[in-house]
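Notes follow the structure.
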Amino acid sequence: MTQDEGQGRDVLVLGADLAGGGPGDLLIRDGRFSDPGDAHGDALRVDAQGLVALPGLVDLHTHLREPGREDAETVESGTLAAARGGYTAVLAMANTNPVTDTADAAEHLAALATRLGSAEVVPVGAVSKGLAGEELAELGLMARSAARTRVFSDDGHCVSDARLMRRALEYVRAFDGVVAQHAQDPRLAGRDACCDEGETSGRLGLPGWPAVAEAGIVARDVQLAELTGSRLHVCHVSTAETVDVLRWAKGRGIPVTAEVTPHHLLLTVDELLGYDPTYKVNPPLRSSEDVAALRDALTDGTIDAVGTDHAPHARHDKEHAFVDAAFGMLGLETALAVVVETMVRPGSLGWADVATRMSSVPAHIARLTGQGRPLAVGEPANLVLVDPGRRAVVDRDGSLSLSRNNPWHGRDLPDPVVATWWRGRRTFARS
Amino acid sequence: MRHLLSAADLEAGEVAEILDLAEQMALVQSRPVKKLPALRGRTVVNLFFEDSTRTRSSFELAGKWLSADVINISAKGSSASKGESLRDTVLTVASMGIDAMVVRHMASGAPLQVARWFAAQGLGVHVVNAGDGTHEHPTQALLDAFTLRRHFRAQDPGRSDALAGRRVAVVGDITHSRVARSNVLLLTTLGAEVVLVAPPTLLPSGVGTWPVEVSHDLDAVLPHVDAVMMLRVQRERMSGGYFPTPREYTVGYGLTRTRLGLLRPGTPICHPGPMNRGLEISADAADSAGSLVLDQVAAGVAVRMSVLYQLLGGQDDAGDTTGAVR
């Protein structure tokens, strides 16, 4: 990335609403927030009146595709997309080729990101070797590596074997790790399952993915978390049934956290009526009742965080018949837009809530120390400036991702991100 | 008609037009010289991603008897497994300058996607769904309607809407049957009542919202129907845990010799083929006086001639390439 305008110079952000706490000024100096009163006369001044300042967003669930599928996304392109979406850190899922299931692989990815990234890239380690669901990967070595892995996930695959899941949960407790589960009972929702099981799957003749295949695994896993006292994180919750299980588990004090994707907050199974593989995602788009339950859960904290499940795919991997096409959709650039549309505009979340659910809570789940921090003097200058009122029609060809599997193409949505700074470096600015 | 993708897209009037024209085509079929010049110079490609003998040859004869140039392309196995995208495969074939593509695919929705890709490329190629996964098989439903209409008209020549008010049982693996889905849509459009009979494991989710009755008791249904359609039990379902054994399936849902006696005399029996004799249908039923199985096969060619003519015959439709996919 070339040197940005303002790089190395103090930046004075004036008059932004500081995460819903009222207007204030921020001074960015040497990668940290400093006292605005100390600003030099030559500081770059940013008039942020009417804008909202949020701590840089943290995505618990990104697929960067590097190494292995650099035609779909790279560390460089994926973090550019992240910065455009207001993110300053992304957790990169392990289902690359090779899989991130060793300390070497994790360190390699982290080093690549240090060189080329426009956001912090935190490797997620695989739970099982090769994501095969049979033997534990070297979780401890990944945790001790320079990548300091704390989040482990076989995402894309469920750790369906109950004993392996139990051992993984127990084992990561030694280093305060968390197991992030892709909850999908493979006996109830196999590889072909691609449509919410219900009236639509029956009519379209698409293999059904029943809600119980998710909620059943989560019900088991929260009890394993209780048994082991270890931290469980549930990826991309998609059903009202899972929300009920989470509510019960949290009521019992079980150490479980959960995320919801932007697409599950807005899109429904009705999108599948035209068999357009753009809308093929795992878990699948659900009913409007599920969407309502997920919004409620994100509002009341039953679901802790928003995770994008940004899943870029080369165009040709989506140009197959629906059941043959790849699962997944882009999410990093539009996540905040969807959260504003579905949660902020209706009044369910304020800006302080957005900051927790998209920044501080995900950072805490992943045990990131330099992310999700308050907008306060001395803290790392991870910042996104948000224009709450601006809207735009999404154009997939305007994306910074290398892929175009954008389910929001052609939709009128908020267009909130004005600029992003990561450790004081401006990584995105709207032109 | 731009494409034939789903029986849901056809209104009763359009169905009547197709079936009436098919009657004309059937007359041609019975002549010693069967060729009509109607589609001379037109090219039809049968693009089959899934094995099929009867549907492919039925479309092939239909095209040839209308003097179209017909070629068959067998693209077995999903395009994904060969490294070529489905879009590339169909655009490649369409770009040769063909007029219609008859598509069979093991994936639900594939013909609809194909039609959309053609529209996006400005290609005027007409698409006919010849069976997509577990979704639809509209020409099968049309040929079933044709066969039943003929049967009822012969019985009761005074009635023009021969299928209205008729009660038709569709028996077997509804979940995985594209024949059942298209028949439910078409028969209800034509005013017939449909009863689906299957074990609960072979009924699609959401069937309660379909405009049909559902039963698990074939013996109770048979005495009160005007026609029976038996569905083929696919071999892969036999070990899929959908029912314990083929024997038990036959006892519960097969059209056995004993059950034949529950039908009112002369009740027509249909089967899309190929039949598993002894499993879903007994030899006695398959070869009974009421069996229309071979009439269905004959009707298949006539109905497909009619469909191809509706799509390709008559007016020069050049330029009509951007019409809505339907």
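The values are calculated or read from the model by the stated rules, or taken from the named source; none is laboratory data. These numbers were taken from a predicted model, which means no experiment stands behind them. Neighbour counts are summed over all protein chains in view; Cβ atoms, including those assigned to glycine, are modelled from backbone coordinates with ideal geometry.
State whether the residues of region B:154-169 include one that is over 16 Å from the mean Cα position of the chain (by Cα), over 21 Å from residue A:206 (Cα atoms), in a helix (DSSP H, G or I) and away from every other protein chain (no Cβ under 14 Å).
Yes.
Restricting attention to region B:139-162, which residues are within 17 Å of residue B:14 (Cβ to Cβ) and modelled with pLDDT under 95?
B:160, B:161, B:162
Which one is nearest to the other protein chains (Cβ to nearest Cβ) among residues in region B:195-230 that are surrounded by fewer than 23 Cβ atoms within 10 Å (Cβ to Cβ) and in a strand (DSSP E or B)?
Only one residue fits best here, namely B:214.
Scanning for something closer than 18 Å to residue A:60 by Cα, modelled with pLDDT of 95 or more and part of a helix (DSSP H, G or I), does region A:171-179 turn up at least one residue?
Just the residues of region A:171-179 that are closer than 18 Å to residue A:60 by Cα, to begin with: A:172, A:176-179.
Among the residues that remain, those that are also modelled with pLDDT of 95 or more are: A:172, A:176-179.
Now narrow it down to the ones that are part of a helix (DSSP H, G or I): A:172.
Yes, region A:171-179 contains a residue that is closer than 18 Å to residue A:60 by Cα, modelled with pLDDT of 95 or more and part of a helix (DSSP H, G or I).
Need pairs with beta-carbon distance below 7 Å; first residue within 9 Å of chain B (Cβ to nearest Cβ) and within region A:261-281, second among the polar types (S, T, N, Q); sequence gap 6+ or separate chains.
A:272/A:200; A:275/B:113
Counting residues that are closer than 23 Å to residue A:257 by Cβ, which strands (runs of 3 or more DSSP E) fully inside region A:43-147 reach at least 2?
In region A:43-147, the matching strands (runs of 3 or more DSSP E) lie at A:52-55, A:57-62, A:87-92, A:120-123.
Residue-by-condition table, conditions (1) within 30 Å of residue B:189 (Cα to Cα); (2) among the hydroxyl-bearing types (Ser, Thr, Tyr); (3) touching a Gly at 6+ places or on another chain (Cβ under 9 Å); (4) not in a strand (DSSP E or B):
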position	(1), (2), (3), (4)
B:23	yes, no, no, yes
B:46	yes, no, yes, no
B:55	yes, yes, yes, yes
B:73	no, no, no, no
B:76	no, no, no, yes
B:101	yes, no, no, no
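Could you go through region B:120-129 and let me know if any residue there is aliphatic (A, V, I, L, M) and either farther than 30 Å from residue B:313 by Cβ or within 12 Å of chain A (Cβ to nearest Cβ) (or both).
Kept after step one, since they are aliphatic (A, V, I, L, M), are these residues of region B:120-129: B:120, B:123, B:125, B:127-128.
Among the residues that remain, those that are also either farther than 30 Å from residue B:313 by Cβ or within 12 Å of chain A (Cβ to nearest Cβ) (or both) are: B:120.
There is at least one residue in region B:120-129 that is aliphatic (A, V, I, L, M) and either farther than 30 Å from residue B:313 by Cβ or within 12 Å of chain A (Cβ to nearest Cβ) (or both).
Looking at region A:26-60, which of its residues are of a type outside the set (A, V, I, L, M), surrounded by 12 or more Cβ atoms within 10 Å (Cβ to Cβ) and within 27 Å of residue A:123 (Cα to Cα)?
A:31, A:32, A:33, A:55, A:56, A:59, listed by residue number.
Pairs under 6 Å by beta carbon, first residue more than 20 Å from residue A:84 (Cα to Cα) in region A:307-321, partner among the hydroxyl-bearing types (Ser, Thr, Tyr), six or more apart or different chains?
A:316/B:85; A:319/B:85; A:320/B:85
Against the definition (over 23 Å from residue B:42 (Cβ atoms), of a type outside the set (S, T, N, Q) and either more than 14 Å from chain A (Cβ to nearest Cβ) or surrounded by fewer than 24 Cβ atoms within 10 Å (Cβ to Cβ) (or both)), how does residue B:106 come out, yes or no? So that I can check it myself, show each step before the final result.
Details: over 23 Å from residue B:42 (Cβ atoms): yes; of a type outside the set (S, T, N, Q): yes; either more than 14 Å from chain A (Cβ to nearest Cβ) or surrounded by fewer than 24 Cβ atoms within 10 Å (Cβ to Cβ) (or both): yes.
The answer is yes for residue B:106.
Please indicate, with yes or no, whether at least one residue in region A:87-102 is surrounded by fewer than 24 Cβ atoms within 10 Å (Cβ to Cβ), of a type in the set (Gly, Ala, Ser) and at pLDDT 95 or above.
Of all residues in region A:87-102, those surrounded by fewer than 24 Cβ atoms within 10 Å (Cβ to Cβ) come to A:95-99, A:102.
Restricting the remaining residues to those that are of a type in the set (Gly, Ala, Ser) gives none.
So far as region A:87-102 goes, no, none of its residues is surrounded by fewer than 24 Cβ atoms within 10 Å (Cβ to Cβ), of a type in the set (Gly, Ala, Ser) and at pLDDT 95 or above.
Please give the number of the condition residue A:209 fails out of (1) more than 14 Å from every other protein chain (Cβ to nearest Cβ); (2) touching a strand residue (DSSP E or B) at 6+ places or on another chain (Cβ under 7 Å).
Among (1) more than 14 Å from every other protein chain (Cβ to nearest Cβ); (2) touching a strand residue (DSSP E or B) at 6+ places or on another chain (Cβ under 7 Å), residue A:209 violates only (1).
Test of understanding: among B:45, B:15, which residue is modelled with pLDDT of 90 or more and touching a Leu at 6+ places or on another chain (Cβ under 9 Å)? I'd like the intermediate steps shown before the answer.
Working: B:45 fails: touching a Leu at 6+ places or on another chain (Cβ under 9 Å).
Exactly one residue qualifies, and that residue is B:15.
For region B:209-242, enumerate the residues that are in contact (Cβ under 8 Å) with a residue 24 or more places away in the chain and either under 15 Å from residue B:177 (Cβ atoms) or among the basic types (Lys, Arg) (or both).
B:210, B:212, B:228, B:229, B:230, B:231, B:232, B:233, B:234, B:237, B:242 - these are the residues of region B:209-242 that are in contact (Cβ under 8 Å) with a residue 24 or more places away in the chain and either under 15 Å from residue B:177 (Cβ atoms) or among the basic types (Lys, Arg) (or both).
Can you run down the residue pairs with Cβ atoms below 7 Å, 6 or more apart or on separate chains, where the first is in region A:200-221 and at positive phi and the partner is at pLDDT 95 or above and part of a helix (DSSP H, G or I)?
Here the result reads A:205/B:178; A:205/B:181, each pair linking region A:200-221 to a residue that is at pLDDT 95 or above and part of a helix (DSSP H, G or I).
Going by what's in this entry, would residue A:191 be described as part of a helix (DSSP H, G or I) and either within 14 Å of another protein chain (Cβ to nearest Cβ) or surrounded by fewer than 20 Cβ atoms within 10 Å (Cβ to Cβ) (or both)?
Values: part of a helix (DSSP H, G or I): no; either within 14 Å of another protein chain (Cβ to nearest Cβ) or surrounded by fewer than 20 Cβ atoms within 10 Å (Cβ to Cβ) (or both): yes.
No.
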